[in-house]
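Colleague: Structure in structure tokens, see below.
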Amino acid sequence: GAGKHEQRDVLGAIDFVADRYPESQIGLMGVSFGAAIVILTANSSPRVVGVIADSSFSSITDLISEEVSARTSAPKWAAAILKPGIIIVTKLFKGIDVTAVAPGQYVSDIGFPIGIIHCTEAERVPIYHGEQIRNNSPAGSQELFVDECDHAGAYDHDPTTYLNFVATYFDQRFQIKN
């Protein structure tokens with residue numbers, strides 16, 4: 001679904017929690033593709049008060065171009081030329097506008113600060129994706145950029161720092177006092 005259909009899964013989970021716990025606040029957390037999805041669905045309900053995005057891409061079309069270049073012998077310039085064709089084909093055959101799967105653009109519409117986690121040495125989703133998301137994020141957003149780890153490896157690299165970041169962020173968003 002290139003991210004468009006997967007958003008329905010998150011929306012279903014939000015509805016599930018809201019139906020069972022009507023007064024609840026909801027925090028969303030996703031890793032990699034899931035991180036992109038939670039950014040894209042953050043404004044779907046007023047109950048969502050926090051989002052942590054670990055290793056999200058900022059634009060799926062940019063990521064596809066990078067993947068084509070990285071996984072084939074095609075140079076980066078050739079992979080970039082394929083991008084318009086990929087956009088057209090997914091629209092024609094799948095009915096999906098992949099240009100809308102751009103968390104780096106939509107993040108600025110979120111009505112609260114988010115938490116961003118990214119490995120600085122990630123090859124699959126390079127750090128500039130995390131930086132673009134951070135640069136477009138609402139005021140007060142927090143980031144944990146971790147050295148010496150690859151894509152989605154921040155927890156494995158330093159679980160204590162990771163868990164402290166997540167707990168502190170959600171404590172603030174849910175206004176939990178220690």
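The values are calculated or read from the model by the stated rules, or taken from the named source; none is laboratory data. Every value quoted in this text rests on a predicted model; they were computed, and no experiment measured them. Cβ sites come from the backbone with ideal geometry, for glycine too, and all protein chains shown count toward neighbours. Just so you know, the surface numbers come from the protein's heavy atoms only, side chains and all, with ligands and any DNA or RNA stripped out. Shrake-Rupley method; radii C 1.70, N 1.55, O 1.52, S 1.80 Å.
Colleague: Pick out, in residue order, every one of the GluC sites (Glu not before Pro) in region 97-178 that is DSSP loop and has at most 12 other C-beta atoms within 10 Å; say none if there are none. Kindly include the intermediate steps, with their values, before the conclusion.
Modeller: Values: sites: 121, 123, 131, 143, 148; in loops: 121, 123, 148.
Counting only loop positions with at most 12 other Cβ atoms within 10 Å, the GluC sites (Glu not before Pro) in region 97-178 are 123, 148.
Colleague: Let me ask you something else. Would you kindly compute the Cα radius of gyration of the chain and its largest Cα-Cα separation (Dmax), both in Å?
Modeller: Values for the chain (Cα only, Rg and Dmax): 16.8, 54 Å.
Colleague: Still on this structure, please answer the following. What is the spin-label model distance, in nm, from residue 172 to residue 108 if the labels are put 7 Å beyond Cα along the C-beta direction?
Modeller: 2.2
Colleague: How large, in percent, is the carbon and sulfur part of the accessible surface of the chain at a probe radius of 1.4 Å? List each step's numbers first, then the result.
Modeller: Numbers: 5150 of 9480 Å².
Answer for the chain: carbon and sulfur cover 54 percent of the accessible area.
Colleague: Using a Gaussian network model on the chain with a 10 Å cutoff between Cα atoms, which of 126, 22, 138 fluctuates the most?
Modeller: 22
Colleague: Under 10 Å, Cα contacts only: if you run a Gaussian network model on the chain, which one of 157, 118, 129 comes out with the highest mean-square fluctuation?
Modeller: Comparing 157, 118, 129 in a Gaussian network model of the chain, the most mobile one is 157.
Colleague: Which order do you get for 156, 147 if you rank them by accessible area with a 1.4 Å probe, largest at the top? Before the final figure, lay out each step's value.
Modeller: Working: 156 125, 147 90 Å².
From most exposed to least exposed: 156, 147.
Colleague: Filter the chain for me: DSSP H helices, axial length by Cα at least 18 angstrom, mean Kyte-Doolittle hydropathy not below 0.5. List them by residue number. Display every interim value, and only then the final one.
Modeller: Numbers: long enough: 6-20 (22 Å, -0.25); 76-89 (20 Å, 1.48); 159-173 (21 Å, -0.39).
Qualifying helices: 76-89.
Colleague: What is the ratio of the Cα radius of gyration of region 111-178 to 2.2 N^0.38 Å, where N is its residue count, to two decimals?
Modeller: Relative to the rule-of-thumb radius for its length, region 111-178 sits at 1.14.
Colleague: Quick one: accessible area per residue over the chain, 1.4 Å probe, rounded to a whole number of Å²? Spell out each step's value before the answer.
Modeller: Values: 9480 Å² over 178 residues.
Per residue, the chain has 53 Å² of solvent-accessible surface.
Colleague: Below 8 Å between Cα atoms, with a sequence gap of 6+, how large is the relative contact order for the chain in percent?
Modeller: On the way: 310 pairs, mean separation 37.1, N = 178.
It rounds to 21 percent for the chain.
Colleague: Ignoring ligands, DNA and RNA, how do 133, 127 rank by accessible area with a 1.4 Å probe, largest first?
Modeller: Working: 133 5, 127 35 Å².
Result, largest first: 127, 133.
Colleague: Sticking with this structure for a sec: With each run of n ≥ 4 DSSP H residues scored as -39500 (n - 2.57), what mean residue ellipticity at 222 nm is computed for the chain after dividing by its residue count and rounding to the nearest 500 deg cm²/dmol? Each step should come with its number before you reach the end.
Modeller: Details: 8 runs with 83 residues, N = 178.
My calculation for the chain gives -14000 deg cm²/dmol from helical runs alone.
Colleague: Could you check which residue among 17, 125, 38 shows the biggest mean-square fluctuation in a GNM of the chain with a 10 Å Cα cutoff?
Modeller: It is 17.
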